[in-house]
Amino acid sequence: MLINFLKNYFLVSSDQPLGREEKTFQQSALRILLALTVCIFFISEIHSLFIPGELSFLSINSVYLCLLIGLLYFSKKYAKVTAVLFLLTLVTTSFLLLTLSDEFHAEKYALVSLYSLPLITRLLFSFRACLVAMAINVYPFFLMTSDSLNVGQSDLAPSFYFQLLTFVTLNIGLPLAVSRIIQTLESNASHMKVLYRKLNDNYAMYEEFFENTGTPSLLCDQRGKILKANQLARDLISDSKRKYLPDSTITDWLSPLGDTGRFFWQSNVAECTLKQKTNIHIEIRRAALTQHGHYVLHLQNTTQLRAIQQELESTQQTNSRLAHFDLLTLLPNHRHFCHQVNQRIDEQDSHLTGAMFIIRISHFKLLNKQYGKDSANKVILNFSKMLQKRLSEQAIIGRLRGVKFSCFVPLGQTYLIQKKLSTLIHSILPSQITVDGSRLNMDYHVGIAYYHTDGKTAEELLEHCEMALEYSTSIDRFSYYNHNLENKLIEEHKLGLKLSTAIKNKEISIWLQPQVTPNGQICSFEALARWQSNGKFIPPTSFIKIAEDLGLLPLLAENLVRELVVTLSQWQKEHIHTPIAFNLAGQELMNDGFFALLMTLIADNPWLTNMLELEITETSSVMTHPLIHKRLRSLSQYGYSIAIDDFGTGQASLGQLVDIPADILKIDRRFISPLPGDQRHIDIVKSTIQLAESLNMKVIAEGIETKEQANLLAALGCHTLQGYYFAKPSPLSDWTAKDNAKAKELRMVY
Ligand code: C2E
Ligand code: CA
Ligand code: CA
């Protein structure tokens, strides 16, 4: 403790403030000199107390002791002044001793004191002050050597040289040597100062750099204790509830995600969440600065990045779903279906068989039109669900465009004949689907191809199913692919192109087939379309179907009806009141434009109600559609006569006779040709006539080819007869030629 006190008092401890070395050094030297002098005077004071008769010395000593203690006391506060006073005391005392005292010891003491003056001055003041002190000492030297010179010539040299040696050594040599040391120390100190300043600058720069890395950064030790955190890091990890506290650890703020381990900050990259807000994600990246044993960690808020990543992933998933599946039914789309089937085919051994078929829901456009898109979509959805439920798990189902569904059914080793396969397919197709409480009758067309006789890949099989589908009719809804179909389709395609030009150029002509009363008089006509391509008549059954497929029926019907109306107008003027029946397949009636035309025609020409009849074919499946029924009711209300054509052949139930407001029932040729020999057919015709009568409908029998048939039908009560027996169809122009000459003959009838 005493040593520490002394060290502190004499300012010799090692942790002295930097930059004030010179002052400290001078103060320290002053205190040491004063303290030692005080000690000596104190000892001599004590000593003189024990020597009697030394009163004057005692009192002078006491004065000096007090003076020195006082200086020592004030040296702390007024160092410079004290130093000056100390030197003055030294000089004055020395000079007084030198000049006034005769005592040899006193003189020696004074001289030593004076000669040590430059050294003390150098310690307490500057080098210049030291030089002044050196110069002052020339006088005592001179005083001493002049004395020695006066003593005697023989002693001159040794005494003088002794004096000179003392003078030079103490007064010049020592102060200069000490000055040199002090100078070195001073230059070292200033060098240190420069280094210290540089270090300080570097530290400040580092601080600034750390604070402004632009990234939230932490400095932590191996155990995760945060030694430093820049403002961004503090803002990031602490929130309004919890303020950042220095000396906390990383685990106070962050929890690691995944299996990065307990010391997650030691790994290169770690994913974390904030402890307080687990929805905030933080990524920790460790900088490669570990030489100092600490970790510099850069933090990044990856919450948004993760959200974007997740969004991206879900978009990718959606895209992949879009690329592979139908969004409504979630069934594989065309491409994915083919992929799955091909995969299955590859897995199967070459002996296995299978069937591919495309199911098309019929009249879906009508459904859309009547119930709206949403309900129609529900139909598709319900249908796809039922299909999936009814087909075996082995089957692959896909949705092609629109209302076409594709199925691939592996049949194993058994080869199903067409009839069995049709029964199988039939059993999976729902005949009714309930949507929004109402039950809809469903119709399908199916195109079927066998694997592997009709195709070896999914794509090939699908193409052949499509071809077969093209050939499905309202009667044969299940159509099987065969090799001839391909050529037939190509031919049809060519014919379709020609037909479309023919319809646009109005090259389809009207022929009329007379309808007669039981006594053989022409009472009406049926208009039949005729098309001659390359000098050859194409049967209407063919080209009407092609026109229907190409959606050209409404245009064809419009052209024909307009032509008919022109003729009928002339007949009207000529008082030829023979009506003409016009065939409608259904597509025409579904067309808003054609329906409007019929309504306008009757509005403009009210007499048309008696002249233009509409024949609708029961076989056409569109005819079962409620919209057609609605339109037919309107047409009937406006006065048109409506005939149900080919009655008995179609799929329409008898009940639909009630829905369609028909006035005429046409018994199909199929029931007439077996007459009169076949009793069963006679009965059918008979009951049909009775049915018509009960419904207050007129009956026309068509396809009468013999006299017997004609007589029989007349006898059964048939009102109107039509067939080659009476007349074959002939061009309209035959009847209108020469100012309607032939038609005019008919006026006699009425
Ligand atoms: P359909 O409406 O049943 O017309 C009667 C068909 O029977 C006509 O055939 C006619 O020539 C034929 N026929 C009449 N009497 C006899 C007979 O005694 N024996 C035989 N073997 N056949 C007889 P066509 O003209 O070939 O017409 C076929 C079908 O084409 C028509 O059947 C009709 O469904 C359709 N069609 C004809 N013209 C048009 C039209 O302008 N529009 C529409 N949508 N369909 C038409
Ligand atoms: Ca007809
Ligand atoms: Ca017919």
Does segment 217-307 come out rounded, prolate or oblate, given a ≥ b ≥ c as the square roots of the eigenvalues of its C-alpha gyration tensor, rounded meaning a/c under 1.5 and, failing that, prolate meaning a/b above b/c?
oblate
When a/c is below 1.5 the answer is rounded, else prolate if a/b is larger than b/c, else oblate, so apply that to segment 2-186 with a ≥ b ≥ c taken from the square roots of the Cα gyration tensor eigenvalues.
oblate
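Quickly estimate the mean residue ellipticity at 222 nm for the chain, helices only: each DSSP H run with n ≥ 4 gives -39500 (n - 2.57), and the total goes over all residues, rounded to 500.
Calculated at 222 nm, the ellipticity per residue is -17000 deg cm²/dmol.
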Equivalent ellipsoid semi-axes, segment 493-745, via Cα gyration tensor eigenvalues times 5, rooted, Å
27, 22, 20
For segment 573-643, what is the largest minus smallest coordinate of the Cα atoms on each principal axis, given in angstrom and ordered from greatest to least?
39, 21, 17
For K504, give me every one of the lysines with a C-alpha distance below 21 angstrom, ignoring sequence neighbours fewer than eight places off in its own chain.
K494, K536, K545
Trypsin sites (Lys or Arg not before Pro) within segment 8-101, DSSP loop, no more than 15 other Cβ atoms inside 10 Å
R20, K76, K77
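Taking other Cβ within 10 Å of each residue's Cβ, how do E548, E393 sort, fewest first?
By the 10 Å Cβ count, ascending: E393, E548.
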Within straight cross-link reach of K385, meaning Cα distance under 16 Å, which lysines are found once same-chain residues fewer than 8 apart are removed?
K404
Sort 459-465, 501-507 by the packing proxy (mean of other Cβ within 10 Å over each peptide's residues), most packed first.
459-465, 501-507
Which trypsin sites (Lys or Arg not before Pro) from segment 231-326 combine a DSSP loop assignment with at most 11 other Cβ atoms within 10 Å?
K241, K243, R262, K277
For the pairs K77/K193; K488/K707; K228/K275, flag any whose C-alpha to C-alpha distance is greater than 29 Å.
K488/K707
Would you work out which of A737, N591, G703 lies farthest towards the positive end of the dipole of segment 493-745, given +1 charges on the beta-carbon of Lys and Arg and -1 on that of Asp and Glu, about the Cα centre?
A737
Order these by the 10 Å Cβ neighbour count, fewest first: I60, I660.
I60, I660
quick shape note, the chain: Cα extents on principal axes in Å, largest first -> 198, 64, 48
Using the alpha-carbon atoms, what tilt in degrees (0 to 90, nearest 10) does helix 373-390 show relative to the longest principal axis of the chain?
90 degrees
Loop-only chymotrypsin sites (Phe, Trp or Tyr not before Pro) in segment 28-57, please: DSSP not H, G, I, E or B, and at most 12 other Cβ atoms within 10 Å.
F50
Out of all DSSP beta bridges in the chain, what portion is antiparallel? Express it as a percent rounded to 5.
70 percent
When you count, for each residue, the other Cβ atoms within 10 Å and take the mean per peptide, how do 358-368, 166-176 rank with the highest first?
358-368, 166-176
With axes computed from alpha carbons, what is the tilt in degrees of helix 732-744 against the longest principal axis of the chain, rounded to the nearest 10 within 0 to 90?
50 degrees
C-alpha long axis of helix 626-637 to longest principal axis of the chain, angle in °:
50 degrees
When M1, M205, M192, M623 are ranked with the fewest other C-beta atoms within 10 Å first, the list becomes M1, M205, M192, M623
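None of the figures in this text is laboratory data; all of them are computed from the coordinates on show. The structure displayed is predicted, hence computed values, not measured ones. Here the Cβ is made from the backbone with ideal geometry for all residues, glycine too, and neighbour counts use every protein chain on show.
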